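Let me begin by presenting the structure, written as structure tokens, before commenting on it.
The values are calculated or read from the model by the stated rules, or taken from the named source; none is laboratory data. This one's a predicted model, so the numbers in the text were calculated from it and none came from an experiment. Positions of Cβ are generated from backbone atoms using ideal geometry, with glycine treated the same way; all protein chains shown enter the neighbour counts. We work out accessible area using only protein heavy atoms, side chains counted, and drop any ligands, DNA or RNA first. Shrake-Rupley method; radii C 1.70, N 1.55, O 1.52, S 1.80 Å.
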Amino acid sequence: MTADFAVGEREFLLDGEPFRILSGALHYFRIHPAQWADRIRKARQMGLNTIETYVAWNAHSPASPEEFRLDGGLDLGRFLDLVAAEGLHAIVRPGPYICAEWTGGGLPGWLRPPPRTADPGFLKAVGGYLDHLAPVLAPRQGSPVILVQVENEYGAYGSDTGYLRALAGLLRERGVTVPLFTVDQPADGMLGRGSLPGVLAAGSFGSHIPERLSVLRAHQPSGPLLCAEFWNGWFDDWGGHHHVTSAAGAAGDLDALLRAGASVNIYMFCGGTNFGLTSGANDKGTYQAITTSYDYDAPLDEAGNPTEKYWAFRDVIAKHAPVPPDVPAAAAEKAPAFTVPFGSSVPLWDVVDLLGSPSAHTGPPAADDLGQYQGFTLYAADVPPSPEAGSRPAVLSAGEVRDRAQVFIGRAPVGVLARDHRDRALPLPAGASSSRLEILVEDQGRVGYGPRIGEPKGLIGPVTVDGEPVRGWDVTPLPLDDIGAVAAKLRAPSPSVLPSLADVAGPAFARAVFDLPRAGANLFLDTRGWGKGVAWLNGFCLGRYWSRGPQRTLYVPGPVLREVGNELLILELHAATAAATFAPGPDLGHTEP
């Protein structure tokens, strides 16, 4: 049944009656599609009446504006239909910018016009995006879609009301008729810059409830109060600690919000996982890459299990609205714990031709100039001869590395240039003159917040040795979006495929095969003892791992597993123990008060 949803003078109205939004954020692109229904059902069982999701433009159109995927884990229509089947409403936040700690804040790497502006080229690209999205959203308005967001926290970035008005117009022109809203942190400046006359302004905050609502009400004297992102946890970055918040404290803040009569969207209800190479980065002076796990210390953990926070929130909601009598299981069975040896490995150098094709360049191009928007880029050139060759180490310098470069001479490791350490130079071994230089550059996630949104990846600026430019580059994009050929090579005996009887020396791929000890189980791949790399299971990319932590396990969704013959592949960049271990539960790292 299609509902009539409206923004009233003080309340939301559903079919003419007052309605309070009790929503939870659940990003379809961070959950395996076979688990969507389970997570949605558990939202209803906690007492929620609405599901909110972003739409990640770059997930649907990763390589070009002509491409727009709506299959598998990107089938937004199916996700919304499951929301409706559970009797819930939906809030959709299509951006085009979403932040969400997602790579590039959801903006595709192929965008060339200035993003988040009224630039005609950018608005044309957004219009093309919405042309693909509108046929999914428009027929589902009223059931389940009741609200659609314009942009996201724009007041923290810009102040062009004309740009926001243009976005709203693009939505309306494509048949979006439900109420629109904006979201900003409840500060006068941000609300003033990021809101749009005639469009509901919502806030994003997680504490100091009376003060935040007071600022929101002062900015918008009429209309319902909506906390569109009630932050109940936080995200993690590599090298930091795992963020947690008190269940009792978060529940108290939620209670204060509901006692004030406000509507809420809990961010996150279930955070999920940055599968593949989709985790983003922040750069507020220092580059910080986001971890693979997006658990967020949410009411449902990364594997979909209710936490202490789930039950505390359910109790709070029950004070303000009816909650259903059915509840999920209180505790999940421990995952199977076992170890399996790697049966074979192959150096990266021996499979580069299976992963990408080289092209010749005078100077080192940015990865984006090659149509490369994720993964790795391999740069190779000859070190220029030096009149002092052999007498002292030469110095290799790069203008800027985005984001991490492993340097090799004659395929022997020399060192690492890391963006977060602001490394731009390192010594080459004596006698490196005229040797083959190879630089493996990793895109660790595109910046998704602040002025560095949209910047290219790879080697930026000149590469020199003792001040002399290195010229004559062979550059190979390695997006790692299809490693089927590498897997096939590891299955077949050949001189380059080595039995992994000892530790894996990277950069190399390694393969292990195992049977599932218990049908239907989730697994947690323990990455302790490994250096840095990427893992796949049965061709499904679990994401990045790194000994830097805090995250020590990778979540393996049960639906990607089979009872017999599961195939684990890793790309280890440095060194890894000769076996893969699966843990009985997640280990997301150390915490701080």
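Here is a yes/no grid of residues against (1) over 17 Å from Ile453 (Cβ atoms); (2) of a type in the set (Val, Ile, Thr); (3) open to solvent by less than 10 Å² (accessible area, probe 1.4 Å):
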site	(1), (2), (3)
Asp71	yes, no, no
Gly77	yes, no, yes
Ile91	yes, yes, yes
Glu101	no, no, no
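If the condition is being more than 24 Å from the chain's Cα centre (by Cα) and buried (at least 16 other Cβ atoms within 10 Å of the Cβ), then segment 233-249 contributes only Ala247. For segment 401-420, the set of residues classified as part of a loop (DSSP other than H, G, I, E, B) and within 16 Å of Gly461 (Cβ to Cβ) consists of Asp403 only. When the residues of segment 553-593 are filtered to those that are open to solvent by 30 Å² or more (accessible area, probe 1.4 Å) and β-branched (Val, Ile, Thr), the one that is farthest from Ser345 (Cα to Cα) is Thr591. One residue stands out among those in segment 503-552 that are touching a residue at least 60 places away in the same chain (Cβ under 8 Å), among the aliphatic types (A, V, I, L, M) and more than 26 Å from Leu478 (Cβ to Cβ): the one that is most open to solvent (accessible area, probe 1.4 Å), which is Leu516. A single entry from Gly47, Gly106, Gly24 fulfils the requirement of being over 20 Å from the mean Cα position of the chain (by Cα) and touching a residue at least 24 places away in the same chain (Cβ under 8 Å): Gly47. When Leu569 is tested against (1) farther than 17 Å from Pro507 by Cβ; (2) assigned to a strand (DSSP E or B); (3) in contact with a Phe, Trp or Tyr (Cβ under 6 Å, 6 or more places away or on another chain), only condition (1) is not met. Looking at segment 207-232, which of its residues are under 28 Å from the mean Cα position of the chain (by Cα), buried (at least 21 other Cβ atoms within 10 Å of the Cβ) and part of a loop (DSSP other than H, G, I, E, B)? Scanning segment 207-232 gives a single hit, Asn232.
If the Cβ limit is 8 Å and pairs must be 6+ apart or interchain, which residue in segment 353-372 that is in a helix (DSSP H, G or I) pairs with which residue that is open to solvent by 40 Å² or more (accessible area, probe 1.4 Å) and among the hydrophobic types (A, V, I, L, M, F, W, C)? Here the result reads Leu354/Ala485; Leu355/Ala485, each pair linking segment 353-372 to a residue that is open to solvent by 40 Å² or more (accessible area, probe 1.4 Å) and among the hydrophobic types (A, V, I, L, M, F, W, C). Residues in segment 335-352 that are β-branched (Val, Ile, Thr) and either in a strand (DSSP E or B) or at pLDDT below 95 (or both): Thr339, Val340, Val346. Restricting the first member to segment 134-152 and to residues that are at negative phi and open to solvent by 10 Å² or more (accessible area, probe 1.4 Å), and the second to residues that are aliphatic (A, V, I, L, M) and part of a helix (DSSP H, G or I), the beta-carbon pairs closer than 6 Å and six or more apart or on different chains are Val136/Leu76; Arg140/Leu80; Ser143/Ala84. The numbered conditions (1) crowded, with 21+ Cβ neighbours inside 10 Å; (2) free of Cβ contacts under 8 Å to residues at least 60 places away in the same chain; (3) within 30 Å of Asn58 (Cα to Cα) are all true for Asp423 except (1). Applying a threshold of 7 Å to beta carbon distances and a minimum spacing of six or more residues, or different chains, the list of pairs starting in segment 567-583 at a residue that is over 19 Å from Ala487 (Cβ atoms) and ending at one that is crowded, with 23+ Cβ neighbours inside 10 Å and of a type in the set (Lys, Arg) reads His574/Lys532. Scanning segment 279-313 for residues that are open to solvent by 30 Å² or more (accessible area, probe 1.4 Å) and farther than 18 Å from Ala332 by Cβ yields a total of 4.
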